[in-house]
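J.: Sharing a structure here in structure tokens format.
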Amino acid sequence: MAKHSVGWVASQKRWLLAFLVMLSVSTLIAFFIRAAFDSCDRRMDVVDKRVPLGSPIGTSPSPLSFMKSKLVLLVSHELSLSGGPLLLMELAFLLRGVGTEVCWVTTMKPSDADVVIYSLEHKMLDRGVQVLSENGQEAVNTALKADLVVLNTAVSGKWLDVVLKENVPRVLPKVLWWIHEMRGHYFKLDYVKHLPLVAGSMIDSHVTAEYWENRTRERLGIKMPETFVVHLGNSKELMEVAEDSIAKRVLREHVRESLGVRREDLLFAIINSVSRGKGQDLFLRSFYESLRLIQQKKLQLPRMHAVIVGSDMTAHTKFEHELRNFVSMKKIQDRVHFVDKTLTVAPYLAAIDVLVQNSQARGECFGRITIEAMAFQLPVLGTAAGGTTEIVVNGTTGLLHPVGKEGITPLAKNIVKLATHVERRLTMGKRGYERVKERFLEHHMANRIAAVLKEVLHKSKSHSDS
């Protein structure tokens, strides 16, 4: 059985835990949000409305300052530690920061008490976000009065008919639909029949926008509304850690100590929930092949390790057992480390040398872990699919390989390339960091979202005046 780490925080390192606790709630939320969004596809070209990068916020007014005193209703299909809800929470906090009155509705909740929901709702209440019942009259009244209603994910569309009922036509002109899903079963009229009538849709990557444009037309016979592509950005708090050399050194040393690896060893990590769609199985096959290539070529390199962050043995999934059996069969238990799911990824980004983004099929819709890794000056070995192609510049900030079994050998060779050429690895990491600074920071995302909200508010006002 492969070596199993229960986390980087050892009990005797209480002071390090205290250091992480001092990180703000917004930092944690930024860490939570990663490439958990469903897969995407590239089929046909779509001309989407592009929004500006903007300039740093700094001491200048927030680009969202025009939202002061406006009423915004945010509707999420669930409240959990998955990407969609946490991204909407991040928007809630950005809006609260400029004085927006923000209300939140979760359309589906478990009947029993849920610790995660309780915790997240109280985080929002502490930041001044009003949490409403999903089907009460207060939610209906708020939707009617709101300047803007944001539906988060396709599934939230069912809430319109179930709760608003005859009021749906009055609300649709001020709805911004923020879409992340890409799996086929989300393309149902029950979910998205009102999509053509909303003020606009906001999607995380051009690939995702193209996919929705094609699928809604071909499968459902409906037309997408005006579509805005908004790339995400790293929070200020994450960037502070990524740019703090002392903090990174401390985190690197302690994570490596907990994994039992040496300072000079090379760590290639994949940081995603363990599932077949995220490609951990193909990554391990590539890693094993890279070890064989190094042996065949008799290369003298530091000892290499593969790290799988996102393990959950309590779930007892067949897939995770397959991964561990493969490691055992190939006798690489001393080279592969499984790490439990964790709320914060910054310690692991500080500890590793290369991030592997190996999502399969249509790839990631965006893949926030990719820009987080680049902030830590890590090169990225990613699949040439989905939003990864809009983040990673092949040959400059990382190397891309095909999805599926066809990608096993190319990824293995890319692992060897970065292990062999230290200068190339470091240069790619630096260029990735520069790319993050140019287009993937919080103020970039805020500017992009601000441009979308202005357009939607303008359309809504024009409709009400007509």
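The values are calculated or read from the model by the stated rules, or taken from the named source; none is laboratory data. This one's a predicted model, so the numbers in the text were calculated from it and none came from an experiment. So basically every Cβ, Gly included, is an ideal-geometry build from the backbone, and we count neighbours across all protein chains shown. Protein only, heavy atoms only, side chains kept; ligands, DNA and RNA dropped before computing areas. Shrake-Rupley method; radii C 1.70, N 1.55, O 1.52, S 1.80 Å.
J.: Can you find a residue in the stretch 74-81 that is at pLDDT below 95, over 24 Å from THR344 (Cβ atoms) and either part of a loop (DSSP other than H, G, I, E, B) or assigned by the TED database to the domain that holds ILE203 (or both)?
T.: Scanning the stretch 74-81, I find at least one residue that is at pLDDT below 95, over 24 Å from THR344 (Cβ atoms) and either part of a loop (DSSP other than H, G, I, E, B) or assigned by the TED database to the domain that holds ILE203 (or both), so the answer is yes.
J.: Moving on to the next point. Which residues, taken from the stretch 107-117, are of a type outside the set (Asp, Glu) and either without any contact (Cβ under 8 Å) to a residue 24 or more places away in the chain or surrounded by fewer than 23 Cβ atoms within 10 Å (Cβ to Cβ) (or both)?
T.: Our first condition is that a residue be of a type outside the set (Asp, Glu); within the stretch 107-117, this holds for 107-111, 113, 115-117.
Within the stretch 107-117, MET108, LYS109, PRO110, SER111, ALA113, VAL115, VAL116, ILE117 meet the criteria.
J.: As an exercise: evaluate LYS454 against (1) free of Cβ contacts under 8 Å to residues at least 24 places away in the same chain; (2) charged (D, E, K, R); (3) not assigned by the TED database to the domain that holds GLY395 and give the number of the one condition it does not meet.
T.: In the conditions (1) free of Cβ contacts under 8 Å to residues at least 24 places away in the same chain; (2) charged (D, E, K, R); (3) not assigned by the TED database to the domain that holds GLY395, LYS454 misses (1) alone.
J.: Shifting gears a bit: Of all helices (runs of 4 or more DSSP H) completely enclosed by the stretch 176-292, which ones contain at least 1 residues that are hydroxyl-bearing (Ser, Thr, Tyr) and crowded, with 19+ Cβ neighbours inside 10 Å? Working first, answer last.
T.: Details: elements: 189-192, 206-215, 236-242, 245-259.
Once the helices (runs of 4 or more DSSP H) in the stretch 176-292 are filtered for at least 1 residues that are hydroxyl-bearing (Ser, Thr, Tyr) and crowded, with 19+ Cβ neighbours inside 10 Å, what remains is 189-192, 206-215, 245-259.
J.: Test LYS165 against the stated conditions and say whether it is at pLDDT below 95 and either closer than 30 Å to ALA351 by Cβ or not in a loop (DSSP other than H, G, I, E, B) (or both). Lay out the reasoning, then the answer.
T.: Numbers: at pLDDT below 95: yes; either closer than 30 Å to ALA351 by Cβ or not in a loop (DSSP other than H, G, I, E, B) (or both): yes.
In short, yes.
J.: Next question. Of the residues that sit in the stretch 58-83 and are small (Gly, Ala, Ser) and open to solvent by 10 Å² or more (accessible area, probe 1.4 Å), which one is farthest from the chain's Cα centre (by Cα)? If you could, list the steps in order and put the result at the bottom.
T.: Filtering the stretch 58-83 down to residues small (Gly, Ala, Ser) leaves 58, 60, 62, 65, 69, 76, 80, 82-83.
If we keep only those that are open to solvent by 10 Å² or more (accessible area, probe 1.4 Å) as well, we get 58, 60, 62, 65, 69, 80, 82.
Details: GLY58: 25, SER60: 28, SER62: 23, SER65: 25, SER69: 29, SER80: 14, SER82: 9 Å.
Looking at the filtered set, the residue picked out is SER69.
J.: I'd like to verify a number: residues in the stretch 418-466 that are under 30 Å from LYS70 (Cβ atoms) and outside any helix (DSSP H, G or I), how many? Show your work before the answer.
T.: Initially, the stretch 418-466 is screened for residues under 30 Å from LYS70 (Cβ atoms), giving 439-466.
Right, trim to outside any helix (DSSP H, G or I) and you get 440-441, 466.
So the count comes out to 3.
J.: Then there's this: Which numbered condition trips up HIS305, out of (1) farther than 22 Å from GLN333 by Cα; (2) surrounded by 15 or more Cβ atoms within 10 Å (Cβ to Cβ)?
T.: Here HIS305 clears every test but (1).
J.: I've got another one for you. Quickly run through the stretch 330-382 and pick out the residues that are free of Cβ contacts under 8 Å to residues at least 40 places away in the same chain and over 17 Å from the mean Cα position of the chain (by Cα). Can you show your working first?
T.: Keep residues of the stretch 330-382 that are free of Cβ contacts under 8 Å to residues at least 40 places away in the same chain, which gives 331, 382.
Correct list: LYS331 only.
J.: Any idea which of (1) free of Cβ contacts under 8 Å to residues at least 60 places away in the same chain; (2) part of a helix (DSSP H, G or I) is the one PRO173 doesn't satisfy?
T.: Result: PRO173 fails condition (1) only.
J.: Let me ask something else about it. Would you pick out the residues in the stretch 383-399 that are touching a Leu at 6+ places or on another chain (Cβ under 9 Å) and either aromatic (Phe, Trp, Tyr) or open to solvent by 40 Å² or more (accessible area, probe 1.4 Å) (or both)?
T.: Correct list: ALA384, THR389, ASN394.
J.: On the given criteria, is LEU411 of a type in the set (A, V, I, L, M, F, W, C), over 19 Å from the mean Cα position of the chain (by Cα) and buried (at least 24 other Cβ atoms within 10 Å of the Cβ)?
T.: Values: of a type in the set (A, V, I, L, M, F, W, C): yes; over 19 Å from the mean Cα position of the chain (by Cα): yes; buried (at least 24 other Cβ atoms within 10 Å of the Cβ): yes.
Yes.
J.: Can ALA92 be described as in a helix (DSSP H, G or I) and at pLDDT 95 or above? Working first, answer last.
T.: Values: in a helix (DSSP H, G or I): yes; at pLDDT 95 or above: yes.
So ALA92 fits the description; yes.
J.: Continuing with this model, one more query. Check VAL116, VAL155, VAL140 and return the single one that is over 25 Å from the mean Cα position of the chain (by Cα) and in a helix (DSSP H, G or I).
T.: VAL140
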